Amino acid sequence: MGIVQGMSDAEILAKVIKVTVEELSVKEEEVTEAASFTEDLGADSLDVVELVMAFEEEFGIDIPDDDVTQLKSVGDAVNYIKNKQG
Amino acid sequence: MSLEFRPSGRVVVTGIGLVTALGTGVEKTWSGICAGENPVGPVESFDVSEYSTRIAAEVKDFDAADWMDKKDAKRVDRFIAFAHTGASMALADSGLVVNDENRCEIGVLMGAGIGGLEMLGDQHRRQIEGGPSRVSPFLVPYMIPDMASGWISIVHGLKGPNICVVTACATGANAIGDAYEIIKRGDAVAMVTGGTEAPINEIGMGGFCAVRAMSNRNDDPKRASRPFDKERDGFVIGEGCGSLVLEDYDYAVARGARIYGEVVGYGLTADAYHITQPDPDADGAIRVMKMALRKAGLSPDSVDYINAHGTSTAYNDRQETMAIKNVFGERAYKIPVSSTKSMLGHSLGATGAVEAIFCLLAIRDGIVPPTINYEFPDPDCDLDYVPNVARKQKVEVALTNSFGFGGHNACLIFKKL
């Protein structure tokens, strides 16, 4: 824990984009804040599990299974991770 | 069947694909085989300094991203990437166009001797280091050996019979044989078949070192795989995929397909003797060749070439020689018997399919591949092993053997059409 603390919104967004590009093999310009992981970026249910694990590792946080449904878009992920700073 | 089709009872090979240590592609591999090239060398893909065997025939001329979606290429286990590539090649080579009329009558039987060992090793390490929540959701799908068949069906939309054969080093041959039976009995008009394997990774090499079946000639890798030679000391591990498109004869002829040869015989038996050692009496190996000949309706005199299992282990090469002499009698001394493992090493579940393709190419080109590294005759191995140099010779009927841990024996016979 704590890696997220002190990170600016822009830094979180940049990291979320980097992880998403890596995990889903999509182009960086496709990864907008509004982009849905499943509908716009082609992720299936297994991809989502893998992506969430990558977020956990990148930000040193724990994302419980029950919370995963909240992470529909890139912006959702950024907000969720930001709130974990609390 | 939605196609109004009666099985002819005859099965032919219309497409082939190869990924081997001699190159990605049929002609690259075959020209290397005919020239007696030797791709064996020190393992480069990971640190092998602590392993008792540190050499292999690795596939180097291969980038999965050249053949499949970038995301998939990064994620799938190497045995699936090989299978994807081999099958795509074989299908393209066959000219068979998959459409809504025929897709339910075309199946896949791509064998894998082990499956995604690298995937298993990597994910096991993640679990040990970070707990079960660190295990990738792709571990299970990309580790299970049947995923090669499943994957190919998804990529090409093939909705016919879809299964997997796992019989260790006999896998590739059993897969082709079983695919042949599926077409023969009318369950499909065509099958994408073969074998795939990617065992050259940390846990795979660890396991095979422990079995003590591999050559330890680490200082002289080019001379390590020496089937039937007196100085042989074990096999050299290889990797890759051999894939074939098998078709009902009438179906292939009706679409004007180019035909490499007919599958005429398939034998399968068990040693029921030991988990890793072949039966010293070679009973299962003798019976498997006899069974294939019987089902082909051919006499031993009609066989022009034998692609041996020829692993370069003390036991296999002696017992296989004994079996060939038992089945073929005096004629055994007149049949060229070669082991292409002298060049490609032993690609386990892939090898039977790779060698089946060499039988078909021997028939096509009238060239018998050599056994390289043949230097010192062994009194127990006294057949014509086509030492060191390929031979121009007409081949009408070719037979190939494959024997696997567990005591599985498989034999295929191909005939020129």
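The values are calculated or read from the model by the stated rules, or taken from the named source; none is laboratory data. This structure is a prediction, so every number in the text was calculated from the model and none was measured. Here the Cβ positions follow ideal geometry from the backbone for every residue, glycine too, while neighbour counts run over all protein chains shown.
Output the residue which, of all residues in segment B:380-417 that are surrounded by fewer than 17 Cβ atoms within 10 Å (Cβ to Cβ) and free of Cβ contacts under 8 Å to residues at least 60 places away in the same chain, is nearest to B:Asn174 (Cα to Cα).
B:Asp384
From the residues in segment B:365-379 that are under 22 Å from B:Ile176 (Cα atoms) and within 19 Å of the chain's Cα centre (by Cα), which one is surrounded by the most Cβ atoms within 10 Å (Cβ to Cβ)?
Once the filter is applied, the top-ranked residue is B:Pro369.
Residue-wise test of (1) assigned to a helix (DSSP H, G or I); (2) within 14 Å of another protein chain (Cβ to nearest Cβ); (3) surrounded by 15 or more Cβ atoms within 10 Å (Cβ to Cβ); (4) not charged (D, E, K, R).
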| site | (1), (2), (3), (4) |
| --- | --- |
| A:Met7 | no, no, yes, yes |
| A:Ala14 | yes, no, no, yes |
| A:Thr32 | no, no, no, yes |
| A:Asp40 | no, no, yes, no |
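Of all residues in segment B:19-77, how many are within 14 Å of chain A (Cβ to nearest Cβ), charged (D, E, K, R) and without any contact (Cβ under 8 Å) to a residue 60 or more places away in the chain?
Counting residues in segment B:19-77 that are within 14 Å of chain A (Cβ to nearest Cβ), charged (D, E, K, R) and without any contact (Cβ under 8 Å) to a residue 60 or more places away in the chain gives 5.
Working only within segment B:43-57, note down all residues that are over 17 Å from B:Asp219 (Cα atoms) and buried (at least 19 other Cβ atoms within 10 Å of the Cβ).
None - no residue of segment B:43-57 is over 17 Å from B:Asp219 (Cα atoms) and buried (at least 19 other Cβ atoms within 10 Å of the Cβ), so the list stays empty.
Of the residues that sit in segment A:16-30 and are farther than 23 Å from B:Val76 by Cβ and of a type in the set (D, E, K, R), which one is nearest to the other protein chains (Cβ to nearest Cβ)?
A:Glu28
Under 7 Å between Cβ atoms, which residue pairs at least 6 apart in sequence (or on different chains) link something in segment A:50-74 that is at the interface with chain B (Cβ under 10 Å from one of its Cβ atoms) and within 18 Å of B:Val135 (Cα to Cα) with a partner that is of a type outside the set (Ser, Thr, Tyr) and exposed (fewer than 13 other Cβ atoms within 10 Å of the Cβ)?
Going by the 7 Å Cβ cut-off, the qualifying pairs are A:Glu56/A:Asp62.
Within segment B:85-120, how many residues are within 22 Å of B:Pro199 (Cβ to Cβ) and assigned to a loop (DSSP other than H, G, I, E, B)?
4
Per-residue answers, yes or no, for (1) within 20 Å of the chain's Cα centre (by Cα); (2) more than 30 Å from B:Arg103 (Cβ to Cβ):
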| position | (1), (2) |
| --- | --- |
| B:Gly9 | no, no |
| B:Val12 | yes, no |
| B:Val19 | yes, no |
| B:Lys28 | yes, yes |
| B:Ile33 | yes, yes |
| B:Pro42 | no, yes |
| B:Val48 | no, yes |
| B:Arg54 | no, yes |
| B:Asp69 | no, no |
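Take B:Leu158 and decide whether it is in contact (Cβ under 8 Å) with a residue 12 or more places away in the chain and either surrounded by 23 or more Cβ atoms within 10 Å (Cβ to Cβ) or in a loop (DSSP other than H, G, I, E, B) (or both).
Here the answer is yes, as B:Leu158 does meet what is asked.
Can you confirm whether segment B:175-182 contains a residue that is among the aromatic types (Phe, Trp, Tyr), surrounded by 24 or more Cβ atoms within 10 Å (Cβ to Cβ) and either modelled with pLDDT of 95 or more or not in a helix (DSSP H, G or I) (or both)?
yes
Output the number of residues of segment B:307-363 satisfying the condition of being within 24 Å of B:Arg294 (Cβ to Cβ), of a type in the set (D, E, K, R) and surrounded by 23 or more Cβ atoms within 10 Å (Cβ to Cβ).
Number of matching residues: 2.
Report whether or not B:Gly204 is in a loop (DSSP other than H, G, I, E, B), at pLDDT 95 or above and away from every other protein chain (no Cβ under 14 Å).
Considered against the rule, which asks whether it is in a loop (DSSP other than H, G, I, E, B), at pLDDT 95 or above and away from every other protein chain (no Cβ under 14 Å), B:Gly204 comes out as no.
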